[in-house]
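For reference, the structure discussed in these notes is given below.
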């Protein structure tokens, strides 16, 4: 279950936490036999239709259920679901697979939002909504075409959910009189946590000048150096594990030490020590920024993850999410990142990896060295003790290494060939933004 699955579940499920009812619309009427629609019909019968049963926490609701929710004609219900999900996370567990125990790691990570936003998806959709609401250069959605109606409804919902000033009681409100610009606030959070800016400037300024936001004096400027060293050490361990005849020079303690430093570095920005757990998450620094940013980027990413009604309305169909985003970007006059596919492919695995690091899992060395089981899980013999989480961790790390090299041009597999200096993500020919300072 990803972010979208969770807000669908919490909107449509009675007693998702004890005594918490589903979220119903004050006026929207659910259509017969449609799953995932939270509403009250004319006779005030009980609300949402039943959801399909998921058999594992890694499952997702069918596309039809997801579409019924994102195209719903009452965005207030969706907003309440996003609000409620914040409380599900922090005051769980919930009825779905007993998730969100107080000792669990939070389900999302800010790096997911950072990598997705680096594709320029936020600015592209901001321009799309602006143009559609002000002009007809993108076309006019036909009121008699059900798919075009959905495209227009998604634009309306997205503007109301993410491109407006939220109420004071919203737990995803990260803007106000003292910090009015939401993108600037997200950039501030990215910079503080990772020491990184986004790879593009302000599209509304002449010459794509540097984006203006407050750069915190306290930031994890060494994150990239340490993270790349961590990836390189794990890669060397992976290569050594495949070598059955030569010497194995893998330094597991060095990997553990680097994981510990990464954990301490990230938790320092959260104002926390120990391991990242849900029991104190709601009170940690940057938690609401993390939740709000991940939710926003997850919402935008879903609409380009397939040839959705919006993509079809715009005539931007393609085989991959990055190609669809590029087509939409050209349509509205903002180029997407040239390495968008690598960024999109890396976002999920990297979020999982950093959550695992902050939880302290990579530092487990008794009764067995956890990271050793990870590294050896795909050898010819295979680690007989490696569990599914450890095998999945290696798959994630290998995906991160491959896509990190594509996105940054920096060599993880052969670090000796790197040119010393500042590592940068390609910036589409406009003013470069450093990945690390």
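The values are calculated or read from the model by the stated rules, or taken from the named source; none is laboratory data. None of these values were measured; they are calculated from a predicted model. Positions of Cβ are generated from backbone atoms using ideal geometry, with glycine treated the same way; all protein chains shown enter the neighbour counts.
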Close pairs from segment 14-26: first at positive phi and surrounded by fewer than 16 Cβ atoms within 10 Å (Cβ to Cβ), partner at pLDDT 85 or above and assigned to a loop (DSSP other than H, G, I, E, B), Cβ under 8 Å, at least 6 apart: 15/95
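Would you mind finding the one in 329, 348 that is touching a residue at least 12 places away in the same chain (Cβ under 8 Å) and under 16 Å from the mean Cα position of the chain (by Cα)? Please lay out each step first, then the result.
Values: 329 fails: under 16 Å from the mean Cα position of the chain (by Cα).
Result of the check over 329, 348: 348.
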Tell me whether segment 155-165 contains one or more residues that are more than 21 Å from residue 308 (Cβ to Cβ), out of contact with any strand residue (DSSP E or B) (no Cβ under 6 Å at 6 or more places or on another chain) and at pLDDT below 95. yes
Residue check, residue 310 against (1) at pLDDT below 95; (2) buried (at least 20 other Cβ atoms within 10 Å of the Cβ), all met but one. Which one? (1)
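Here's the yes/no breakdown for (1) under 18 Å from residue 360 (Cα atoms); (2) in contact (Cβ under 8 Å) with a residue 40 or more places away in the chain; (3) in contact with a helix residue (DSSP H, G or I) (Cβ under 7 Å, 6 or more places away or on another chain):
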{"residue": "209", "(1), (2), (3)": "no, yes, no"}
{"residue": "217", "(1), (2), (3)": "no, no, no"}
{"residue": "231", "(1), (2), (3)": "yes, yes, yes"}
{"residue": "242", "(1), (2), (3)": "no, yes, no"}
{"residue": "254", "(1), (2), (3)": "yes, no, yes"}
{"residue": "273", "(1), (2), (3)": "yes, no, yes"}
Where residue 139 falls short, out of the listed (1) surrounded by 15 or more Cβ atoms within 10 Å (Cβ to Cβ); (2) not in a helix (DSSP H, G or I): (1)
Has segment 16-30 got at least one residue that is outside any loop (DSSP other than H, G, I, E, B) and at pLDDT 85 or above? no
Return the residues of segment 77-130 that are free of Cβ contacts under 8 Å to residues at least 60 places away in the same chain and not in a loop (DSSP other than H, G, I, E, B); say none if nothing qualifies. 126, 129, 130
State all residues of segment 275-290 that are in a helix (DSSP H, G or I) and in contact with a helix residue (DSSP H, G or I) (Cβ under 6 Å, 6 or more places away or on another chain); if no residue qualifies, say none. 281, 282, 287, 289, 290
Among helices (runs of 4 or more DSSP H) entirely inside segment 322-415, those with 3 or more residues being surrounded by fewer than 21 Cβ atoms within 10 Å (Cβ to Cβ) are 340-359, 388-408
The residue from 319, 368 that alone is over 21 Å from residue 155 (Cα atoms) and at pLDDT 95 or above is 319
Which numbered condition residue 134 misses (of (1) within 21 Å of residue 276 (Cα to Cα); (2) at pLDDT 95 or above): (1)
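Going residue by residue through segment 47-61, is there one that turns out to be at pLDDT 80 or above, in a helix (DSSP H, G or I) and under 26 Å from residue 304 (Cα atoms)?
Pass one, segment 47-61, residues at pLDDT 80 or above: 51-61.
Filter again for in a helix (DSSP H, G or I), leaving none.
No, that holds for no residue.
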Which of the residues spanning segment 373-405 are within 23 Å of residue 265 (Cβ to Cβ) and more than 21 Å from the chain's Cα centre (by Cα)? 374, 375
